[in-house]
Amino acid sequence: MPPISISTRAPGAFEDVADDAPLPVAGAVIVSARRLAAERDGVFARNDAVGVVLESHESPMQLPPEDLQRLSLVVLMFPKFRDGRGFSWARMLRTRLGFRGEIRARGHFLRDQIFFMARCGIDSLEGDLRITAEAVSDALATFTHVYQPAADGRRSVVLARHG
Amino acid sequence: MYRYDEFDARMVRERVAEFSGQVARRLAGELSEDEFKPLRLMNGLYLQLHAYMLRVAIPYGTLSSRQMRRLADIARRYDRGYGHFTTRQNIQFNWPKLADVPAILDALAEVEMHAIQTSGNCIRNVTADHFAGAAADEVEDPRILSEIIRQWSTFHPEFSFLPRKFKIAVTGSPQDRAAIRVHDIGIACIRNAAGEAGYQVFAGGGQGRTPMLAHCVGDFVSRDDILAFLEAVMRVYNEEGRRDNMYKARIKILVHQLGADEMRRRVEAEFAEIKAQGALHLPHAEYQRILSYFAPPPFADLPAVSATEGAARARDGAFAAFVAQNIFPHKVPGYASVSISLKPIGGIPGDADAAQMDAVAEIAARYSFDEIRVTHEQNLVLPHVRRDDLYAVWQALSAAGLATANIGLVTDIIACPGLDYCDLANARSISIAQDISTRFADPARQRDLGELKIKISGCINACGHHHVGHIGILGVDKKGVEHYQISLGGSAAEDASLGEIVGPAVTADSVADAIETIVDVYRAHRTGGERLLDTYRRVGAQPFKERLHAAHQH
C-alpha cells in the first residue's frame with residue numbers, strides 16, 4: 001500500500017531494493033544503511049532519488065554527513081509500537097542534522113501515536129492498513145497547544161504565554 | 001497552589017475527549033483489549049484482578065479542599081465509597097466501570113485534575129516533598145520546578161514510548177523527604193557558592209527487582225538550563241536504554257552498565273548540543289509566573305509558642321501524644337504542619353473513605369488555607385495550621401477517625417495493594433500490615449521503639465518500597481504458599497541505603513513474630529537515642545540473623 005502523509009509533504013514513490021538484489025536501471029530506491037555504506041558511489045551515481053532504511057537501533061548520527069545531504073528519504077523502522085527510538089531519531093534528523101528530505105515511519109504503530117510522530121518531524125507512514133486519511137486528520141488535531149518544543153516549529157505554551 | 005490557565009485547561013479537556021473516543025472504540029468492539037491496553041495505560045487505567053483500577057494524578061501531592069471533595073464524590077458515585085492513596089502521592093479507585101471512566105475524567109477536569117501519564121512507559125507524575133512551602137529547612141519550594149516538569153513532560157512527543165516507565169522526584173530541602181535517590185531522576189534544589197539557584201541532578205535510582213541508588217550526573221544545573229538537562233538525560237536513555245528485556249529496561253540498568261562516569265559524559269555531551277540550540281531555555285518570566293501561584297498564603301503574625309495549645313496539651317494526654325508525634329515544625333512562627341495518619345491500628349494503609357475525604361477537605365478549608373498534601377508514605381498533611389487551632393483540628397480529625405498518633409512509628413506502615421487487588425502480586429501485603437499494626441498497637445510501646453519504618457511489597461516490583469524500609473518485607477510465592485523475606489537497614493531519606501535480607505523467609509502467620517524478634521534484638525543493643533536503623537548500622541546484621549534463625553527454624 002502507498003504511504004500515507006501526515007505532514008504537508010506528499011510521500012515520494014520509491015522502490016525497496018534488497019541487499020542482495022541489483023539496483024534497478026532507473027527510479028528512486030530505498031536501500032539499507034549497510035548497503036549505502038558499502039556501495040555509496042554506485043548508489044548515488046544513478047541520478048535518481050535515494051532513500052535509506054534505518055533499523056530502530058541505528059542512529060542517524062552514524063550516517064556520514066555528506067551521504068545525508070544527498071538522501072531524499074530516511075525510513076525509520078518501528079518494529080513494534082512500544083519501541084520509541086524512532087521519535088528521537090526523527091527529531092535528531094530535523095533539529096540537529098538539518099535533514100530536509102522526507103522522513104517515513106515504517107512498521108507497527110498506533111494511530112494514537114501520529115500526533116507525536118508529526119511533532120518529531122515524520123512526514124509519512126507505512127504499515128497499519130486501518131490508518132485512513134480521516135484517522136490521520138483526527139489524530140493531528142488531538143491537541144490545540146503543545147507544552148514543549150519539538151521538530152515541527154510549533155510555539156510551545158511557554159512561549160505563547162510570554163509573547 | 002497552581003491554577004490552570006486557558007492552555008492547561010484546554011489540554012486536559014482535549015485529552016478527556018481523546019480518551020473518551022478510545023473507550024467508545026473499545027466498547028464498540030473496534031479495539032481489542034490488546035490494542036486498548038497501551039491506550040488505557042497512558043491514562044492510568046489498569047485491569048486488575050477483579051476490575052479496572054483508575055489511578056488519578058495528584059501532581060507533587062498537592063490538593064485543594066475542592067479537589068479532595070471531588071475525589072470523595074467520585075468514590076461515592078463510581079466506586080465503593082473509598083479511595084487508596086499511593087506511595088507516588090496519587091489516588092487509586094479500585095472499582096470503576098469502564099463505561100463510567102469518561103464521566104470520571106470529566107468530573108476531574110472540572111477541578112483541574114486528570115489521570116494523564118499515571119501509567120505507561122512515559123514520564124510519570126512528578127513527586128515532591130509533602131512539606132513543600134512549609135518546611136523550615138527548605139532552600140526552594142520544589143513544587144515550582146515540579147509543575148514546570150509536569151508541563152514539559154505532558155504529551156512529550158519524543159519521550160512517551162520510553163524503554164520503561166520513568167519517575168522524577170524533587171526535594172527542596174537538604175533533608176530528603178521525597179526519596180530522590182531511588183528515582184529514575186532525583187533533583188535537589190541547591191544554591192552555589194555565589195548564592196545562585198540551581199539543581200543537583202541524580203539519575204539511575206530505582207527499586208523493583210534490581211534496587212539501585214541514583215548517581216549524581218549534574219552537580220549544579222542552573223535554573224534556566226534544567227529542562228535542557230533533563231531532556232539530555234531522557235534522550236540518552238531513550239536511545240540507549242535496553243528494550244530486549246523489560247526487567248532490564250529501567251535507566252538504572254543503563255547507568256549501571258555504562259558506569260556513572262560514562263553516563264555523566266554522555267549526558268553532558270547531549271546537554272551541550274541541546275543548550276547550543278537554545279529552544280529549551282526556561283524563561284525567567286515562566287519561572288516567576290509559576291512561582292506566583294505558590295506564594296505563601298497570608299500568614300498572621302503570631303508568637304512562636306501558643307498558649308492555647310500548651311494548655312490543651314496539659315489537660316489532654318491524647319492530644320499531647322498527637323502533637324508529639326504528628327506535628328512537623330513550620331517555617332512561620334505560630335504555625336505547624338499536621339500529618340494525618342491513614343494507618344489506623346488494623347486498617348488498610350493509605351485507604352480513606354468518602355466521609356473522611358470530605359472531613360479532611362472541610363478541616364483544610366477552615367484551618368489550613370485550603371491546602372492538603374498526600375505523602376509518599378501514604379498519609380495526608382495539612383501544611384499550614386495555626387498552633388492555636390491544633391486542638392480544634394485534632395478534635396475534628398478524631399471525630400472522623402483520623403487522629404492516629406503514629407507518624408514515623410512501627411504502625412505507620414507502607415504497603416502495596418498486594419494480592420488482594422493486584423494481578424502482579426505473589427502474596428498479600430495488606431493483611432501483613434494489619435497483623436503487625438495490631439500486634440504493636442500499644443502507643444507507649446510504639447513510642448519506646450521510636451522511628452521505625454516498615455515497608456511491605458507483595459512482589460518483587462517493590463511498589464511497597466521494601467528495599468528502603470528500616471524493616472522491609474517482601475512477599476514471595478514458595479510452591480503456592482505465601483512467604484515473606486525480611487530485610488533490614490534500608491532508608492529512603494538523605495542517608496539512603498538498601499536493606500539486606502536477614503534470615504529465612506517466613507510464612508504469613510509468623511511475620512509479626514519475626515518483627516517482635518527484630519525489635520527485641522534492637523532493644524537489647526540500642527544505646528542512647530538510637531533508632532533501629534542506627535543500631536543495625538552500628539552492630540550489623542549478625543545479632544539479628546542469629547536470633548531470627550533460632551526463632552524461625554522449621
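In the condition set (1) more than 14 Å from chain B (Cβ to nearest Cβ); (2) part of a helix (DSSP H, G or I); (3) among the hydrophobic types (A, V, I, L, M, F, W, C), A:Val53 is compliant with all but (2).
Of all residues in region B:150-187 being outside any loop (DSSP other than H, G, I, E, B) and without any contact (Cβ under 8 Å) to a residue 40 or more places away in the chain, which is surrounded by the fewest Cβ atoms within 10 Å (Cβ to Cβ)? For region B:150-187, the residue satisfying everything is B:Ser153. Within region A:140-159, which residues are within 7 Å of another protein chain (Cβ to nearest Cβ) and either touching a His at 6+ places or on another chain (Cβ under 7 Å) or among the charged types (D, E, K, R) (or both)? Residues satisfying the conditions are A:Gln148, A:Val157. Of the helices (runs of 4 or more DSSP H) lying entirely inside region B:510-554, the ones with 2 or more residues being touching a strand residue (DSSP E or B) at 6+ places or on another chain (Cβ under 7 Å) are found at B:511-525, B:532-539. Residues in region B:149-184 that are within 14 Å of chain A (Cβ to nearest Cβ) and basic (Lys, Arg) were compared, and the one that is farthest from A:Ser156 (Cα to Cα) is B:Arg164.
What's the total number of residues in region B:314-339 that are touching a residue at least 12 places away in the same chain (Cβ under 8 Å) and either among the hydrophobic types (A, V, I, L, M, F, W, C) or not in a strand (DSSP E or B) (or both)? Reasoning before the result, please.
We begin by selecting, within region B:314-339, every residue touching a residue at least 12 places away in the same chain (Cβ under 8 Å); these are B:316, B:318-319, B:321-339.
Next, from what is left, pick out any that are either among the hydrophobic types (A, V, I, L, M, F, W, C) or not in a strand (DSSP E or B) (or both): B:316, B:318-319, B:321-328, B:331-334, B:336, B:338.
Adding up the residues that qualify gives 17.
Scan region B:259-290 for residues that are hydrophobic (A, V, I, L, M, F, W, C) and away from chain A (no Cβ under 14 Å) and the total you get is 3. Selection of region B:318-356 for residues being among the hydrophobic types (A, V, I, L, M, F, W, C), touching a strand residue (DSSP E or B) at 6+ places or on another chain (Cβ under 7 Å) and within 25 Å of B:Arg66 (Cβ to Cβ) yields B:Phe328, B:Ala336, B:Val338, B:Ile340, B:Leu342, B:Ala352, B:Ala354.
To keep it simple, each residue is scored yes or no on (1) within 8 Å of another protein chain (Cβ to nearest Cβ); (2) under 13 Å from the mean Cα position of the chain (by Cα).
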{"position": "A:Phe87", "(1), (2)": "yes, yes"}
{"position": "A:Arg94", "(1), (2)": "no, yes"}
{"position": "A:Arg104", "(1), (2)": "no, yes"}
{"position": "A:His162", "(1), (2)": "yes, no"}
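Checking each residue in region B:243-263 for being in contact with a helix residue (DSSP H, G or I) (Cβ under 8 Å, 6 or more places away or on another chain) and within 19 Å of B:Ile168 (Cα to Cα) picks out B:Ile251, B:Leu254, B:Val255, B:Met263. Number of residues in region B:31-53 that are within 13 Å of another protein chain (Cβ to nearest Cβ), hydrophobic (A, V, I, L, M, F, W, C) and touching a residue at least 60 places away in the same chain (Cβ under 8 Å) equals 2. Of the helices (runs of 4 or more DSSP H) lying entirely inside region B:200-287, those containing at least 2 residues that are loosely packed, with under 15 Cβ neighbours inside 10 Å span B:260-277. Highlighted here are the strands (runs of 3 or more DSSP E) found entirely within region B:11-97 that include at least 2 residues which are among the aliphatic types (A, V, I, L, M): B:45-47, B:52-56. Taking region B:466-502 as the range and being in contact with an Asp or Glu (Cβ under 7 Å, 6 or more places away or on another chain) and of a type in the set (D, E, K, R) as the test, only B:Glu494 passes. Within region B:437-483, the set of residues being of a type outside the set (Gly, Ala, Ser), part of a helix (DSSP H, G or I) and crowded, with 24+ Cβ neighbours inside 10 Å comprises B:His466, B:His467, B:Val468. Could you tell me whether region A:116-139 includes any residue that is crowded, with 17+ Cβ neighbours inside 10 Å, touching a His at 6+ places or on another chain (Cβ under 7 Å) and either facing another protein chain (nearest Cβ under 7 Å) or β-branched (Val, Ile, Thr) (or both)? No: zero hits. For region B:371-411, which residues satisfy the criterion of being closer than 21 Å to B:Arg313 by Cα and in a strand (DSSP E or B)? The answer is B:Val381, B:Leu382, B:Pro383, B:His384, B:Val385, B:Arg386. State all residues of region B:340-370 that are in a helix (DSSP H, G or I), over 15 Å from B:Gln395 (Cα atoms) and out of contact with any helix residue (DSSP H, G or I) (no Cβ under 6 Å at 6 or more places or on another chain); if no residue qualifies, say none. Within region B:340-370, B:Ala355 is the sole residue that qualifies. For region A:80-96, indicate whether the set of residues that are surrounded by fewer than 15 Cβ atoms within 10 Å (Cβ to Cβ), touching a residue at least 40 places away in the same chain (Cβ under 8 Å) and farther than 30 Å from B:Arg26 by Cα is non-empty. Checking region A:80-96: not a single residue is surrounded by fewer than 15 Cβ atoms within 10 Å (Cβ to Cβ), touching a residue at least 40 places away in the same chain (Cβ under 8 Å) and farther than 30 Å from B:Arg26 by Cα. In the set (1) surrounded by fewer than 22 Cβ atoms within 10 Å (Cβ to Cβ); (2) on the phi < 0 side of the Ramachandran plot; (3) not hydrophobic (A, V, I, L, M, F, W, C), B:Asn125 fails one condition alone, (1). Considering only residues in region B:1-30 that are free of Cβ contacts under 8 Å to residues at least 12 places away in the same chain and in contact with a Phe, Trp or Tyr (Cβ under 9 Å, 6 or more places away or on another chain), the one that is farthest from the other protein chains (Cβ to nearest Cβ) turns out to be B:Arg25. For region B:496-526, the candidate set comprises residues that are among the charged types (D, E, K, R) and touching a Ser or Thr at 6+ places or on another chain (Cβ under 6 Å); within that set, the residue that is nearest to B:Ile460 (Cα to Cα) is B:Glu500.
In this structure, is B:Ser146 among the hydroxyl-bearing types (Ser, Thr, Tyr), within 10 Å of chain A (Cβ to nearest Cβ) and under 30 Å from B:Phe328 (Cβ atoms)? Taking the combined requirement at face value, the residue does not satisfy it. Just one of the numbered conditions (1) over 13 Å from the mean Cα position of the chain (by Cα); (2) modelled with pLDDT of 95 or more is not true of A:Leu73: (1).
The values are calculated or read from the model by the stated rules, or taken from the named source; none is laboratory data. If you're wondering where the values come from, they're calculated on a predicted model, not measured in any experiment. Here Cβ is always computed from backbone atoms with ideal geometry, including for glycine, and neighbour counts include all displayed protein chains.
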